[in-house]
Amino acid sequence: MSEENNRILKISILRFDPNDPEDFPHMQTFEVEEADGMTLFIALNEIREHHDNSLKFDFVCRAGICGSCSMLVNGTPTLACKTLTSKLGVNISLAPLPLFELIGDLSIYTGKWMRYLNQHLETWIHNKEKELNVDKLEERMEPELADEIYELERCIECGCCVAGCGTIQMRQEFVGAVGLNKIARYHLDPRDMRSDEEFYKLIGNEDGVFGCMTLLGCEDVCPKSLPLQTKIAYLRRMMIKTSMK
Amino acid sequence: MKIIYTDSLIIGGGLAGLRVATGVKERGHDVIVLTLVPPKRSHSAAAQGGMQASLANSKMGEGDNEDVHFSDTIKGSDWGADQEVARMFTHCAPKAIRELAQWGVPWTRVQRGDRQSVINAKKVTITERDEAHGLITARDFGGTKKWRTCYTSDGTGHSMLYAMDNKAHEDKIEMHERLEAISLIHENGRCYGAVARNLMNGELVAYVSKATTIATGGYGRIYSVSTNAVICQGIGQAIALETGVATLGNMEAIQFHPTAIVPVGILTTEGCRGDGGLLLDKDGYRFMPDYEPEKKELASRDVVSRRMTEHIRKGKGVKSRYGDHLWLDITILGRAHIEKNLREVKEICENFLGIDPAVDWIPVRPTQHYSMGGIRTKFTGESQTLKGLYSCGEAACWDMHGFNRLGGNSVSETVVAGMLVGEYISDYLDSDDSDIKINTAVVEEALKTEADKLEALLKKENGEDAYILRRRMEEIMMEKVGIFRNGDDLQDAVNELSELLKRSENIEVFRSKSKAANPALVNAYRTQKMLKVALCVAYGALLRKESRGAHSREDYLERDDENWLKRTITSWESKEQVLPTVSYEDIDISKMEIPPGFRGYGKDLTNTHPDSQERQKIVDDITEKLEAKGASRFDIQNALMPFIDKLPKKYQGINERLGENV
């Protein structure tokens, strides 16, 4: 789909294969002719197919809903699949998200981090005492409440908020906005029977809600525009109240 | 070499795989889930629109029940479905959705009182009942008599998948992420697990298991333009096929979704039309009522896709550098509705098209979307020919969709089938039948075979470029095995795909020789496997000389029940074959609750089966007699086609609904 006057993009990518003892981190620049509606997904696939098929990166849905393709685009954590090259200059730099285990080049293992987080914060509905009879009518829920829960559940565990977080640079065990948002989601849900005290045990410390320095990096970069700071502030107030009980 | 033993190996970490894992684990068996990506990244997350379950809570769903859902599903399938399986499914869908509600899915709820809606381009007021307030609501989808599609905004798949993965966390299910099964281990007609490759460090591991489940989703990526995630490459179907023992069913049955955006092929949910969106042509003219006066934009997906293609062929498409397209207009729904109920659609429009769907029309065209075919199973989810191998979800041909799936029935199938198959597997694991009787030497041999294949790929010089072969395959599938099919094109497709398959033996992994994380190596072996899957689709389509559901032959317009009321079964018996072995399995009319008839869309082009009428008469007689005696709908159904006994005991109960059985 070559056309006159298309821009030639210079895409510089941080390359490194941790499986190769000879390799060291370095930047490599590829030139790609821009096409109408081109996203970084399209550009990276073109590079892999035509320039260097060893280039490692992750895409799954390529539609901004699975959270696989988060990376640093010109230094900012974001989803590469929904980044249109037309919104960027000719020189584009790409690097893997920091803090997560590197698989190679732009590919990182967010899954391992998120698994630990989910297990640590027990991110599931705690309602063991309730017997489930699947034949019976479901329990009712106020429509507004269901909508509110969904608002928080829209998180896709992409890790952008973690990469954009100042606290986590100093405190590796910090659960990040992703973790705190999850607690806010379960706290809101009447199906989860955990008490405030139980939630306090999970996040009432410096690795949890009291570690946050309110730098707002998480909310700035969240690709789903989740109300992260409002929720963290709410949790903090609630946790303080709980600790004073 | 590493061997890991487990009771139950599950390949695939999407909704179906996770639901099986939970079921098996809760029955006390060990489980390991192999997953290409972290489970929450699975393609299940992409399902926006909803899950069909006949709850009948919302006003427009009133009167819905299993019978209506069943009838819609059978008609939708164009009588290709297994009716017993469809019955099992419709009976259990309400149970599955209620279970998910308990596990945390924040289903959108009924709000009592008046609300505005758009039906057939007109604003109408719907008054929801007081007694339904707070129960799970539903929206309209194509091919259904009642509003039955339950949803969470338009992130239904996301919220279901997250609830399911969180449940797996609660159950402490072992997840092996970024692991890809590349072959099945089997001996004497019995499956014993899989050889898997670690995609991060390249290590090969043999998983030896009593039961193995393939839940790897569909194979849409054999087409160049698909709504499927990039990981939906049919590798699960391919490794089953490569055993030479397991079979695939109805591989030619490929669904095209009417409204994927142009050019990238990302889906906009059927909820857009369900909620009142319209299809328009280059003149801004609403054309669907001309073709389908009754169901209009909400005829079943295969019908709408074909009508759109027909209309484009008449020159009514909008020209673009990516080919012709049509418009989807949802502006009529209003900004508030779009921002609340169709937010993903709005984001997709903004991010990928730079338009605002509350103001602008969305460029759409039909695009490959769903694979009705897959690993052929019995109603238990077990392969008919390879014992110990199970499959469910889109990966399987459990066959409740026949030749066309209704929107909202696929996410529903993932959890319902997962729920049932998990129980059948557990029964099998509880029996002595499931003992592992394979010698370690055989397992080592299976590992070595795969190691040698990978080694050969990496050593090859002056060979073929896997990308070139794969792109050509994708184009052939799109151009010649697409929405409308004909004998000449299909023959060309089969010939060329066979050539590509032969060439694929000589793939060279260019530039990148690493045994560890190596996308070039991955592309090489997957391309070899994808070509076999593509051949099953194309060859099956060439041989099926009729039009049924999504399979539409321009040279055979009739649905030919007399000759083609059967499932296509493909296998790959020897490595030397360049074409699959094809056989057929009759669909027995004498057992049908709804004998073949007219679907209710377009013109009736059916070559009727001689047994249809006879069976219809039997059905009518039984119904009439029992009705006269005042029998319940359950008794009548049971007399026509008993299925309850096939279900696990815990799922046999009657579903409660407002005003029914409460």
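The values are calculated or read from the model by the stated rules, or taken from the named source; none is laboratory data. Please read these numbers as outputs of a predicted model, since none were measured by experiment. Methodologically, a virtual Cβ is constructed for each residue, glycine included, from the backbone with ideal geometry; neighbour enumeration extends over all protein chains shown. Note: accessible area is taken over every heavy atom of the protein model, side chains too, but ligands, DNA and RNA are not part of it. Shrake-Rupley method; radii C 1.70, N 1.55, O 1.52, S 1.80 Å.
Each residue in the range A:24-36 was checked for being open to solvent by less than 40 Å² (accessible area, probe 1.4 Å) and either assigned to a loop (DSSP other than H, G, I, E, B) or within 13 Å of chain B (Cβ to nearest Cβ) (or both), and 2 pass. Of all residues in the range B:416-435, none satisfies being part of a strand (DSSP E or B) and either surrounded by fewer than 19 Cβ atoms within 10 Å (Cβ to Cβ) or touching a helix residue (DSSP H, G or I) at 6+ places or on another chain (Cβ under 8 Å) (or both).
Within the range B:426-451, residues that are of a type in the set (D, E, K, R) sit with their Cβ atoms under 8 Å from residues that are open to solvent by 60 Å² or more (accessible area, probe 1.4 Å), at 6+ positions apart or across chains, in these pairs: B:D430/B:R27; B:E444/B:M1; B:K448/B:M1. In the range A:17-34, the residues that are more than 25 Å from A:N5 (Cα to Cα) reach residues that are of a type in the set (A, V, I, L, M) and modelled with pLDDT under 95 with C-beta atoms within less than 6 angstrom, at least six apart or across chains, in these pairs: A:N19/B:A516. Looking at the range A:1-19, which of the residues that are farther than 13 Å from A:V90 by Cα and under 28 Å from the mean Cα position of the chain (by Cα) is farthest from the other protein chains (Cβ to nearest Cβ)? Per the criteria, the residue is A:L14. Would you confirm, using the coordinates I've provided, whether A:A233 is open to solvent by less than 60 Å² (accessible area, probe 1.4 Å), within 14 Å of another protein chain (Cβ to nearest Cβ), more than 22 Å from A:A95 (Cα to Cα) and among the aliphatic types (A, V, I, L, M)? For A:A233, the condition - open to solvent by less than 60 Å² (accessible area, probe 1.4 Å), within 14 Å of another protein chain (Cβ to nearest Cβ), more than 22 Å from A:A95 (Cα to Cα) and among the aliphatic types (A, V, I, L, M) - is not met.
Of everything in the range B:548-591 that is of a type in the set (A, V, I, L, M) and crowded, with 21+ Cβ neighbours inside 10 Å, the residue that is nearest to B:L184 (Cα to Cα) is B:I569. Counting only strands (runs of 3 or more DSSP E) wholly contained in the range A:43-122, the ones carrying 2 or more residues that are modelled with pLDDT of 95 or more, farther than 22 Å from B:L36 by Cα and open to solvent by less than 20 Å² (accessible area, probe 1.4 Å) occupy A:91-95.
Tell me which residues, restricted to the range A:160-173, are open to solvent by 10 Å² or more (accessible area, probe 1.4 Å) and either among the hydroxyl-bearing types (S, T, Y) or in a loop (DSSP other than H, G, I, E, B) (or both). Passing the criteria: A:G164, A:C165, A:G166, A:R171, A:Q172, A:E173. The condition of being open to solvent by less than 10 Å² (accessible area, probe 1.4 Å) and either in contact with a strand residue (DSSP E or B) (Cβ under 8 Å, 6 or more places away or on another chain) or small (G, A, S) (or both) does not hold for B:G28.
Of all residues being open to solvent by less than 10 Å² (accessible area, probe 1.4 Å) and in a helix (DSSP H, G or I) in the range B:73-82, which is farthest from B:P648 (Cα to Cα)? Just the residue, please. Applying the filter and picking the extreme gives B:G76.
For the range A:140-150, taking the residues that are open to solvent by 70 Å² or more (accessible area, probe 1.4 Å) and more than 7 Å from every other protein chain (Cβ to nearest Cβ), the one that is nearest to A:Y234 (Cα to Cα) is identified as A:E148. Going by the conditions given, is B:Q237 buried (at least 24 other Cβ atoms within 10 Å of the Cβ) and either without any contact (Cβ under 8 Å) to a residue 60 or more places away in the chain or within 27 Å of B:H29 (Cβ to Cβ) (or both)? In short, yes. Just to be sure I understand the filter: pairs with C-beta atoms under 8 Å, separated by 6 or more residues or on different chains, first member in the range A:65-85 and in the same structural domain as A:G104 (by TED's automatic domain parsing) and closer than 23 Å to B:T269 by Cβ, second member of a type in the set (G, A, S) and part of a strand (DSSP E or B). Which pairs pass? So the pair list comes out as A:L79/A:S70.
Taken across the range B:372-395, residues that are surrounded by fewer than 20 Cβ atoms within 10 Å (Cβ to Cβ) and farther than 30 Å from B:V85 by Cα do not occur at all. B:Y151 meets each of the listed conditions (1) more than 14 Å from chain A (Cβ to nearest Cβ); (2) at pLDDT 95 or above; (3) under 19 Å from B:I338 (Cβ atoms) apart from (1). Being under 18 Å from the mean Cα position of the chain (by Cα), open to solvent by less than 10 Å² (accessible area, probe 1.4 Å) and modelled with pLDDT of 95 or more is the requirement here; does B:A253 meet it? For B:A253, the condition - under 18 Å from the mean Cα position of the chain (by Cα), open to solvent by less than 10 Å² (accessible area, probe 1.4 Å) and modelled with pLDDT of 95 or more - is met. Being at pLDDT 95 or above, farther than 17 Å from B:E170 by Cα and not in a helix (DSSP H, G or I) holds for only one residue in A:E157, A:E144, A:E148, A:E219, and it is A:E157. Within the range B:353-369, being of a type in the set (V, I, T) and crowded, with 19+ Cβ neighbours inside 10 Å holds for B:I362, B:V364, B:T367. In the range B:31-65, what residues are out of contact with any Ser or Thr (no Cβ under 7 Å at 6 or more places or on another chain), in a helix (DSSP H, G or I) and surrounded by 24 or more Cβ atoms within 10 Å (Cβ to Cβ)? If the condition is that a residue be out of contact with any Ser or Thr (no Cβ under 7 Å at 6 or more places or on another chain), in a helix (DSSP H, G or I) and surrounded by 24 or more Cβ atoms within 10 Å (Cβ to Cβ), then B:P39, B:K40, B:H43, B:A45, B:A46, B:G61 are the ones that fit. On the given criteria, is A:E206 free of Cβ contacts under 8 Å to residues at least 24 places away in the same chain, open to solvent by 10 Å² or more (accessible area, probe 1.4 Å) and in a loop (DSSP other than H, G, I, E, B)? Against the criterion (free of Cβ contacts under 8 Å to residues at least 24 places away in the same chain, open to solvent by 10 Å² or more (accessible area, probe 1.4 Å) and in a loop (DSSP other than H, G, I, E, B)), A:E206 does not qualify.
Residue pairs whose Cβ atoms lie under 7 Å apart, sitting 6 or more positions apart in sequence or on different chains, and linking a residue in the range B:96-117 that is within 30 Å of B:L647 (Cα to Cα) and modelled with pLDDT of 95 or more to a partner that is of a type in the set (K, R) and outside any loop (DSSP other than H, G, I, E, B), are B:W103/B:K167.
Would it be correct to say that B:L647 is touching a residue at least 12 places away in the same chain (Cβ under 8 Å) and surrounded by 15 or more Cβ atoms within 10 Å (Cβ to Cβ)? Answer is yes for this residue. Filtering B:V85, B:V68 for residues that are in a helix (DSSP H, G or I), among the hydrophobic types (A, V, I, L, M, F, W, C) and open to solvent by 10 Å² or more (accessible area, probe 1.4 Å) leaves a single hit, B:V68.
Does the range A:116-126 hold any residues that are farther than 12 Å from A:V178 by Cβ and facing another protein chain (nearest Cβ under 7 Å), and which are they? Answer for the range A:116-126, where residues must be farther than 12 Å from A:V178 by Cβ and facing another protein chain (nearest Cβ under 7 Å): A:Q119, A:W124, A:I125. Meeting the requirement of 1 or more residues that are open to solvent by 10 Å² or more (accessible area, probe 1.4 Å) and touching a strand residue (DSSP E or B) at 6+ places or on another chain (Cβ under 7 Å), the helices (runs of 4 or more DSSP H) wholly within the range B:261-352 are B:301-311.
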